[in-house]
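The values are calculated or read from the model by the stated rules, or taken from the named source; none is laboratory data. Quantities reported herein were computed from a predicted structural model and do not represent experimental measurements. Cβ coordinates were reconstructed from backbone atoms using ideal geometry, including for glycine residues, and neighbour counts include every protein chain displayed.
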Amino acid sequence: IKRSQVKLMSGAASRQKRFLVSGLSMAEIAKQLQSKLENS
């Protein structure tokens, strides 16, 4: 996921944040996040 594809929608000063990711489907985002979590 490229930085330019991610926009912080709310929660700049909060522990809970909402992001908008453009150019990818939910399945693609979930796959990439799962991969990152497994490798950490």
Tabulated pairs, region 20-40, first closer than 18 Å to Gln5 by Cα, second of a type outside the set (A, V, I, L, M, F, W, C) and at pLDDT 95 or above, C-beta under 6 angstrom, 6+ apart or interchain
Leu20/Lys7; Val21/Gln5; Ser22/Gln5; Gly23/Gln5
Taking region 23-34 and keeping residues surrounded by 10 or more Cβ atoms within 10 Å (Cβ to Cβ) and among the polar types (S, T, N, Q) leaves Gln32, Gln34
Across region 1-21, what is the number of residues that are surrounded by 10 or more Cβ atoms within 10 Å (Cβ to Cβ), assigned to a loop (DSSP other than H, G, I, E, B) and at pLDDT 95 or above?
2
